[in-house]
Amino acid sequence: MATLYSVEADNETTSLREKMRSAVHADGSKVYTVATGVSLMVFYVLAMQCMSTLAVVKRETKTWKWPIIQFLYMTFLAYVMSLLAYTIIS
């Protein structure tokens, strides 16, 4: 999130929390709500974020089939579950 909002650790007057709190859509509604936060957390929990794991699976299976299946399955699962969480909460 700090990368998205260009927040540096040193000599920054506006903190990441303040920038996220003040972020609004074009219609004036807040970008980050409870539903948005929960759906982001669900996505990060379920998504394949460790590329070295995919490399190990490739090396162990000696084919790209299973790493690709693993990546697509986990991304799809993360997307669907975060969409479901967002829909239920909002």
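If you take log10 I(q)/I(0) by the Debye sum over Cα atoms at q = 0.10, 0.12, 0.19, 0.20 Å⁻¹ from the coordinates, which of (i) -0.45, -0.59, -0.91, -0.94; (ii) -0.23, -0.34, -0.87, -0.97; (iii) -0.41, -0.56, -0.93, -0.97 do you get? So the calculated entry is the one marked (iii).
Rounded to the nearest whole Hz, the Karplus-based 3J(HN,Hα) values (6.51 cos²θ - 1.76 cosθ + 1.60, θ = phi - 60°) of the range 76-83 follow the sequence 4, 4, 4, 5, 5, 5, 6, 5, with x at glycine and proline. Ignoring ligands, DNA and RNA, please state the percent of accessible area on the chain from carbon and sulfur, probe 1.4 Å. Answer for the chain: carbon and sulfur cover 66 percent of the accessible area. Using C-alpha pairs under 8 Å with a sequence gap of at least 6, the mean separation divided by the residue count of the chain gives a relative contact order of 30 percent. Around the amide H of residue 32, modelled in the peptide plane, lies no amide H under 5 Å away from a residue 5 or more places distant or on another chain. Computed per residue of the chain from DSSP H runs no shorter than four, each worth -39500 (n - 2.57), the mean residue ellipticity at 222 nm is -20000 deg cm²/dmol. Just tell me which lysines come within less than 26 Å, Cα to Cα, of residue 19; anything on the same chain fewer than 8 places away is out. Of all the lysines, those that pass the test against residue 19 - Cα under 26 Å, at least 8 places apart if same chain - are 30. Solvent-accessible area per residue in the range 2-90 equals 78 Å², computed with a 1.4 angstrom probe and all protein chains kept. For residue 48, nonlocal amide neighbours, meaning residues 5 or more places apart or on other chains whose placed amide H falls under 5 Å from its own, are 75. Subtracting the Cα-Cα distance of residue 70 and residue 14 from 0.36 nm times their residue separation leaves 16.2 nm of extension gain.
Sequentially through the range 47-61, phi angles give Karplus couplings (6.51, -1.76, 1.60; θ = phi - 60°) of 6, 6, 9, 9, 5, 5, 5, 5, 5, 5, 4, 4, 5, 6, 8 Hz, Gly and Pro residues having no value and appearing as x.
The values are calculated or read from the model by the stated rules, or taken from the named source; none is laboratory data. The model shown is predicted, which means the values in this text are computed figures rather than measured ones. Accessible surface is based on the protein model in full, side chains and every heavy atom, while ligands, DNA and RNA are left aside. Shrake-Rupley method; radii C 1.70, N 1.55, O 1.52, S 1.80 Å.
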